[in-house]
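Written below as structure tokens is the structure these notes are about.
The values are calculated or read from the model by the stated rules, or taken from the named source; none is laboratory data. For clarity, every value in this text was computed on a predicted model and none was experimentally measured. Ideal geometry is used to build each Cβ from the backbone, glycine not excepted, and the neighbour counts take in all protein chains shown.
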Amino acid sequence: MAAKTRSTYLDYNAGAPLRPEVFAIMAETLECTGNASSVHAFGRAAHRRVEDARAQVAALAGADFSRVVFTSGGTEANNQALRRMFKDQDTAILVSAVEHDSVIAAVPWAEHLPVGRDGIVDLGRLHHRLAKMREDSKAPILVSVMLANNETGIISPLREVAETAHAFGALVHCDAVQAAGKIPINMDALGINLLSLSSHKLGGPQGAGALVLSETPGLQASALIRGGGQERGLRAGTENVAAITGFGLAAELARYGLDDAGRQVSLRDGLETSIRELAPRTEIFGYAAPRLPNTSCFTMPGVLAETQVVALDLEGVAVSAGAACSSGKVAPSRVLRTMGVDEDLARCAIRVSLGWSTEKTDVDHFLQTWGSLCSRKGTLATEAA
């Protein structure tokens with residue numbers, strides 16, 4: 001009998017494994033009867049679970065619980081923030097060029113703010129564009145910049161972005177899907193007016209997310225999905241109580257687990273030191289920029305990303321090539337190309353993302369497998385010559 005292949009999951013940015021505690025509370029919730037909108041005892045019990053989760057998610061975002069609107073995930077939250085609340089195509093919307101596809105596609109008329117080779121939005125360009133809009137009497141409405149990039153882990157200077165935007169009267173939306181649970185978030189301190197979150201990046205279930213609104217005067221919330229008036233009229237449809245309950249607990253566990261960042265940084269840095277020893281010509285994107293503690297995006301020069309991903313998968317190692325939210329497509333990373341990375345090099349980039357259950361043995365398994373592929377493809381021999 002063939003030996004069983006070891007399984008190593010290093011794709012937390014695509015979706016974290018469901019935490020055991022979350023599985024348990026969801027299983028318990030699924031045994032409970034009741035619609036959270038019903039006024040009888042069963043309904044009230046379901047409603048309490050939803051409201052408890054709302055408080056847990058709010059605490060993760062540093063926000064008031066009454067400002068949390070539950071959605072089906074980060075994509076819906078981004079669309080509600082951008083496409084519903086700022087739906088007029090004549091309004092001025094500025095988004096960073098490295099945003100998630102759900103932001104880029106939600107407002108195709110938006111102007112894209114460039115980033116440097118380090119992946120960080122050009123604050124000078126932001127100031128210039130906002131000043132020009134005010135000069136042209138076109139009032140800026142919204143600036144959307146993610147807190148941390150899903151592919152590279154590069155952290156944006158959100159406080160500086162918000163200060164610049166607010167100086168010109170603009171609101172700030174932030175896709176914090178990747179950052180939540182990995183670095184501390186406080187909406188007020190960062191100056192964020194609208195914040196998007198997703199459950200399955202935290203170790204919660206898929207199919208749950210949230211749009212969190214600040215208490216900004218004049219910020220008019222509007223529903224993307226209309227119907228029964230749930231979520232205080234901001235998101236119609238019977239609440240998925242089990243998923244929301246799981247999301248809430250995952251948010252609480254992620255908030256209390258923020259001190260795991262140091263351990264993950266140590267694992268990531270060890271990984272990057274080793275891959276540079278294995279392949280000295282490799283490029284680690286955003287290496288010198290502020291990054292999430294768990295994320296590394298790098299190349300195996302001359303070896304396509306899909307070749308690496310498949311070879312690693314055959315040995316039981318799960319990683320991604322670019323973003324994992326694009327229906328299984330493997331193409332040159334739009335994010336890396338926007339950062340000025342050559343297309344051929346971008347085609348060779350993979351992403352390794354660690355998480356709460358990652359151990360050194362997992363990193364070692366990846367390095368053994370990736371190093372073996374380097375050797376087979378001649379990368380080591382070429383570089384040693």
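Observations
- Which listed residue is under 26 Å from the mean Cα position of the chain (by Cα), part of a loop (DSSP other than H, G, I, E, B) and at pLDDT 95 or above, from 355, 340: 355
- Which listed residue is surrounded by fewer than 24 Cβ atoms within 10 Å (Cβ to Cβ), farther than 25 Å from residue 118 by Cα and not hydrophobic (A, V, I, L, M, F, W, C), from 163, 215: 215
- Among the residues making up the stretch 256-285, those that are touching a residue at least 60 places away in the same chain (Cβ under 8 Å) and out of contact with any helix residue (DSSP H, G or I) (no Cβ under 8 Å at 6 or more places or on another chain) are 257, 258, 260, 261, 264, 268.
- The residue that is surrounded by the most Cβ atoms within 10 Å (Cβ to Cβ), counting only those in the stretch 48-64 that are out of contact with any strand residue (DSSP E or B) (no Cβ under 8 Å at 6 or more places or on another chain) and either free of Cβ contacts under 8 Å to residues at least 12 places away in the same chain or among the basic types (Lys, Arg) (or both), is 49.
- Residue in the stretch 271-280 that is modelled with pLDDT under 95, out of contact with any strand residue (DSSP E or B) (no Cβ under 6 Å at 6 or more places or on another chain) and surrounded by 18 or more Cβ atoms within 10 Å (Cβ to Cβ) present: yes
- Residue in the stretch 27-38 that is assigned by TED's automatic domain parsing to the domain that holds residue 194, part of a helix (DSSP H, G or I), touching a residue at least 60 places away in the same chain (Cβ under 8 Å) and under 28 Å from residue 150 (Cα atoms) present: no
- Among residues of the stretch 11-26 that are more than 28 Å from residue 296 (Cβ to Cβ), those with a Cβ under 7 angstrom from a residue that is in a loop (DSSP other than H, G, I, E, B), sequence gap 6+ or separate chain, pair up as 26/205.
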